[in-house]
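We did not get these values from a lab; they are worked out from the coordinates using the rules stated. What you see is a predicted model, and the numbers here were worked out from it, not measured in a lab. All Cβ positions, glycine included, derive from the backbone under ideal geometry; neighbour counts span all protein chains shown.
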Amino acid sequence: MGKKVALTGNEAAAHAIRQINPDVIAAFPITPSTPIPQAVAQFIADGEMDTELVTVESEHSAMSACIGAAAAGGRVMTATSANGYALMWEMLYIASGMRLPIVMAVVARALSAPLNIHGDHSDIMGGRDTGWIQIISENSQEAYDNLIQAVKIAENKDVMTPALVAQDGFNTSHTIEIWELEDDNKVKEFIGEYTPLFPLLDTDDPVTHGAWAPPNWYFEHKINQLKGLLNSKEVVEKVGKEFGEVFGRHYGLYEDYKLDDAEYVIVAAGSVCGTTKDVVDNLRENGVKAGLLKIRLFRPFPYRELAEALQSAKAIAVLDRVSPAGAQGGPLFNEIRSALYDTQTRAPVINYTYGLGGRDTQPRHINSVFETLKKIVETGKVEKQFDCLNLRGEWR
């Protein structure tokens, strides 16, 4: 068992990075992730890390520096949010295309315009198809645990794919919670030493990174890259089990909360899951078979496993903390609905947009979702497939 501490989600991420002690961190400050590299800089100044901290002029440069350091053979990490994540856009594809196991802490935040510095999933959902492994945390403990696991996952020889670990801006990043900080040596032993497969600095075995791929080779390269990403699903499960054996907290692809016999189910990711668990507990005490399916691994999307977990549901609500942006519902809704298409269940699936720009989502709002699900089951009718939580006025 680790030491109980009362620290923020950003401090949890910073301590994970301190214990991982990567060779290089390249970062540029942006709210609400700035406290992560700031704390790391203090750890380095205090002699608690021997990491090379590269302070750059932009997030595009931060990811560029990470790519160079990782290609050279280093264990590399960074942190960012929102517009900074978006500015990395070009380089995110390059990092994954070059199969570089960079690990990034993302404090999820709304994208401009209008300018907003508060939490939602605009950034990570916008970059969901950049080829990165995406793991989403509910709280500070998970932000810490997931970063440690992400290193082993990304560096696995069958994966060799960059990974990001997200937590919600301000909801967890700036909120003090009690969580367990593990022993430095145990963490170091868990992640192990990094042995790069094809480092540029190995002059005895020269390689080329990021070469030109004409039409007769590009296709094969991208499919091979995809195999690494897909391989990570099994590795996520394996590492989550190993982590549980060492530290006592087990992780899988998702968390099923009172789901075995649940008839009314919410599917969600991030900090809203804590609120939803409280609501589920209260409903269960009153005889309502409510449940939660919490998404942990969003990319690669474990569609078979999630569809199987939802087979008992009579009605399902998917919560998306991002605008649908003209699609038929939000990203998570479309993934879940697609996953269920070839299964036996014909449970109606509805979609809610919530929490944009840091808008509060309270237990009463989650209760209203379950009330809607109960009404759908009772009447057999879906009045609104798409709706918003805690929005002033009608959305359309």
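Over the range 193-298, the reciprocal of the mean inverse Cα-Cα separation, the Kirkwood hydrodynamic radius, stands at 17.9 Å. Qualifying GluC sites (Glu not before Pro) in the range 53-150, where qualification requires a DSSP coil assignment and no more than 12 other C-beta atoms within 10 Å, comprise Glu57.
A Gaussian network model of the chain, with springs between Cα atoms under 10 Å, assigns the largest mean-square fluctuation among Ala113, Ala327, Ala105 to Ala113.
Note on the range 287-340: Rg/Rh from Cα positions, Kirkwood definition for Rh, rounded to two decimals, is 0.97. Summing charges over all other residues whose Cβ lies under 15 Å from the Cβ of Ala86, with Lys and Arg as +1 and Asp and Glu as -1, gives -3.
Shown for the range 125-261 is the translational diffusion coefficient from the Stokes-Einstein equation, using the Kirkwood radius over Cα pairs, a temperature of 25 °C and a viscosity of 0.890 mPa s: 142 µm²/s.
In the calculated pair-distance distribution of the range 1-144, the portion above 28 angstrom amounts to 13 percent of the Cα-Cα pairs.
Report the calculated FRET efficiency for Thr175 and Glu245 (r = Cβ-Cβ distance, R0 = 35 Å), to the nearest 0.05. Computed FRET efficiency for Thr175 and Glu245: 0.75. Residues Met49, Met77, ranked from the fewest to the most other C-beta atoms within 10 Å, line up as Met49, Met77. Across the range 132-205, the volume of the C-alpha convex hull divided among the residues equals 118 Å³ per residue.
Estimated purely from DSSP H runs of n ≥ 4, each contributing -39500 (n - 2.57), the mean residue ellipticity at 222 nm for the chain is -13000 deg cm²/dmol once divided by its residues. The distance linking the range 92-112 with the range 215-264 is 17 Å (Cα centroid to Cα centroid, whole angstrom). Charge tally around Glu155: other residues with Cβ under 12 Å, Lys/Arg +1 each, Asp/Glu -1 each, net +2. Binning all Cα-Cα separations of the range 256-388 at 10 Å, short to long from zero, yields these whole-percent fractions: 13, 48, 35, 4. Each of Leu200, Leu292 has some number of other Cβ atoms within 10 Å of its Cβ, and from fewest to most they run Leu200, Leu292. Simple spin-label estimate for Tyr303 and Arg392 gives 4.0 nm between the two label positions (7 Å along the Cα-to-Cβ direction from each Cα). Dividing the mean sequence gap of close Cα pairs (under 8 Å, 6+ apart) by how many residues the chain holds gives a relative contact order of 16 percent. Helix 272-285 and the longest principal axis of the C-alpha atoms of the chain enclose an angle of approximately 40°. With a cut-off of 15 Å between beta carbons, the residues surrounding Ala6 carry a summed charge of -1, where Lys and Arg count +1 and Asp and Glu -1.
Within the chain, the percentage of alpha carbon pairs spaced more than 29 angstrom apart rounds to 42%. The distance between label points at Leu197 and Ala327 comes to 2.9 nm (points 7 Å beyond Cα on the Cα→Cβ vector). What is the log10 of I(q)/I(0) for the range 328-396, computed with the Debye formula using one identical point scatterer on each Cα and no solvent, at q = 0.12, 0.13, 0.16 Å⁻¹? Once normalised to I(0) and log-transformed, intensities are -0.36, -0.42, -0.64. Each label was represented as a point 7 Å from its Cα along the Cα-to-Cβ direction; for Trp217 and Glu383 these points are 6.1 nm apart. Given a 10 angstrom Cα cut-off, can you work out which residue in Asn216, Asn286, Asn351 is the most mobile in a GNM of the chain? Highest fluctuation among the options: Asn216. Take every DSSP beta bridge whose two residues both sit in the range 3-247; close to 25 percent of them are antiparallel.
Qualifying chymotrypsin sites (Phe, Trp or Tyr not before Pro) in the range 323-378, where qualification requires a DSSP coil assignment and no more than 13 other C-beta atoms within 10 Å, comprise Tyr341.
Put in order of Cβ neighbour count within 10 Å, fewest first, the listed residues Cys66, Cys388, Cys273 become Cys388, Cys273, Cys66.
Restriction of the trypsin sites (Lys or Arg not before Pro) in the range 314-380 to DSSP coil positions whose beta-carbon has at most 11 other beta-carbons within 10 angstrom yields Arg346. Relative to the longest principal axis of the Cα atoms of the chain, helix 35-45 runs at roughly 30 degrees.
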